[in-house]
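Below is one structure, written out as structure tokens; comments come after it.
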Amino acid sequence: MALHTGKPLHQYIIDYRLTRAAGMMRTSGKTITEIAASVGYRDVSYFSRAFKSRFGKSPIRYQSQFLGFK
């Protein structure tokens, strides 16, 4: 996989899952827990840390900018 993407397979999978979650946050009314579970994270705290590391914002902050939550 690294030959095609420049990333190791595990990093590609993490990026894919987090990018998919970000898309769901922009367009669905699902909770962060539901979104985390739907992209394969059983531990929402771990998901939140990974998401913030990738996107620079917590999942709640990211989602609120698109759905108007406070």
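The values are calculated or read from the model by the stated rules, or taken from the named source; none is laboratory data. Predicted model, so just to flag it, every value in this text is computed and none were measured. Cβ atoms come from the backbone with ideal geometry, glycine included; neighbour counts cover every protein chain shown. Heads up: the accessible areas ignore ligands, DNA and RNA and are worked out on the full protein's heavy atoms, side chains in. Shrake-Rupley method; radii C 1.70, N 1.55, O 1.52, S 1.80 Å.
Taken together, the residues in region 1-45 that are open to solvent by less than 60 Å² (accessible area, probe 1.4 Å) and of a type in the set (Phe, Trp, Tyr) amount to 1.
Looking only at region 47-56, decide whether some residue is surrounded by 12 or more Cβ atoms within 10 Å (Cβ to Cβ) and in contact with an Asp or Glu (Cβ under 8 Å, 6 or more places away or on another chain). Yes: one or more hits.
Among the residues of region 58-69, are any surrounded by fewer than 13 Cβ atoms within 10 Å (Cβ to Cβ) and hydroxyl-bearing (Ser, Thr, Tyr)? Scanning region 58-69 turns up no residue that is surrounded by fewer than 13 Cβ atoms within 10 Å (Cβ to Cβ) and hydroxyl-bearing (Ser, Thr, Tyr).
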